[in-house]
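Take a look at the structure below.
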Amino acid sequence: MIWYPWLDQDYRRLVALLMKKKRCLSILLYSNLGVGSELLVRALVRWIMCEKRRDIATCNQCENCKMVSSDIHPDFYKIDVLKKENSIKVEDIRKIGEIVQNYTIYNSKRVVWIKEIRLLTKEARYCLIKILEDFSEKNTYFFLECHQILPYLSSLNSKCLHFSLKEPSDETVMKWINENHSFPEINVRIATRSHSGSPLKALNLLKKKNWDSRESFYFKFTKNIIHGNDLVGFLRELRKEDVFEKISLLMILLLDSIKYRKNAVFNCINQDKLDLIRYINKVVSTRTLLSMVESLEKFVRNLNVVSFTNLDLQIIIQTCNLRSCFI
Ligand SMILES: [Zn+2]
């Protein structure tokens, strides 16, 4: 069974909490994306359901353990949102309400798991609060996951116990990747520091397809933005589905150039792109670099709220701004 060592401590702490509380709990889990929270929730659900658990350990052999691991336990309900849907609607939450109200419990306990509560619509949020009030003490545990602290979730926060997952250090992540895979050490260091605190994202970047895509992106940035060969071609790069990843690569590169200027070359993340960093540092002022980073940060914040029409316009503005730094 797959497990990540950095989840051990949080698993122990959460099981201790579940042991201590006599009644069921609604737990709001905050974590970085790519820290492996899914494995942790499944392990906790197995612990809740297991017929032969001992202290914090589950047997992993009983019917309940097997059904939770195979995702077919009749008392384990999940709401997972496909990327393209992008919201959890009130109908989805009402369905959960109907299930907990009307369905017989197979094993005396029931668990509801909602990933990405950020995606709850306002109506869905209020509906969920009502369900938490009505059912949290009736043999039903709720695990709600969130990857950002959002002020509009405060009404939901008050109904739950909060728990923030510990993020592993870069050293822990590099050790884990090097022990389990055979990527070049410099690449492991770059990927880990690019996605500090999100080990699964770091591992994803190291996959050949993604690493090649990173190489290609920096090559096209040099050719089309720095040397101004094909701005439209670069626009197409940013319009691809992984726009978050591409913007993150740009920000890392610009921040590395600022660090280079401050004689902090060893703190640069892209140790394999020092020639490019040196060139940017030579032709662009620190003030311009900082203002570009700020603008990209703002762009990322808006990515979740702008319509697609605006998104295209934003991408054009960002691309022109980038090009103007090198003219
Ligand atoms: Zn078991």
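Determine, for MET292, MET251, the number of other Cβ atoms within 10 Å of each Cβ, and report the residues in order from fewest to most.
MET251, MET292
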Could you check the spin-label model distance between GLN61 and THR172? Points 7 Å from the Cα along Cα→Cβ, value in nm.
3.1 nm
The chain: longest stretch without exposed chymotrypsin sites (Phe, Trp or Tyr not before Pro) (DSSP loop, at most 12 other Cβ within 10 Å), sites themselves excluded?
104-327
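Using R₀ = 30 Å, calculate the FRET efficiency as 1/(1 + (r/R₀)^6) where r is the Cβ-Cβ separation of GLU98 and SER70; round to 0.05.
Working: r = 24 Å, r/R0 = 0.81.
The pair GLU98/SER70 has a calculated efficiency of 0.80.
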So for the pair VAL232, THR288, with labels modelled 7 Å out along Cα→Cβ, what separation do we get in nm?
2.6 nm
Gap separating the Cα centres of the stretch 180-222 and the stretch 126-158, nearest whole Å:
36 Å
Cut-off 16 Å, label point 7 angstrom out along Cα-to-Cβ of ASP8: give me the residues of the stretch 41-84 whose amide nitrogen falls inside.
56-58
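Between TYR106 and ARG239, what is the FRET efficiency for a Förster distance of 35 Å, r being their Cβ-Cβ separation, to the nearest 0.05?
Numbers: r = 48 Å, r/R0 = 1.36.
Result of the calculation: an efficiency of 0.15.
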Sum -39500 (n - 2.57) across every DSSP H segment of at least 4 residues in the chain, then divide by the residue count to get the 222 nm mean residue ellipticity, nearest 500.
-17000 deg cm²/dmol
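Summing +1 for each Lys or Arg and -1 for each Asp or Glu, what net charge is found among the other residues whose Cβ lies under 15 Å from the Cβ of LEU14?
+3
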Beyond a 32 Å Cα-Cα separation, which of these cross-linked pairs lie in this structure: LYS175/LYS298; LYS66/LYS115; LYS52/LYS175?
LYS175/LYS298; LYS52/LYS175
Put a dot 7 Å past each Cα toward the Cβ at LEU17 and GLU215; how far apart are the dots in nm?
4.4 nm
Listing ASP312, ASP256 from the residue with the fewest other Cβ atoms within 10 Å to the one with the most, what is the order?
ASP312, ASP256
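Rule-based calculations on the coordinates, nothing more; no lab input. In this text, all values refer to a predicted model and were calculated from it rather than measured experimentally. FYI the Cβ positions are ideal-geometry reconstructions off the backbone, even for glycines, and counts take in every protein chain you see.
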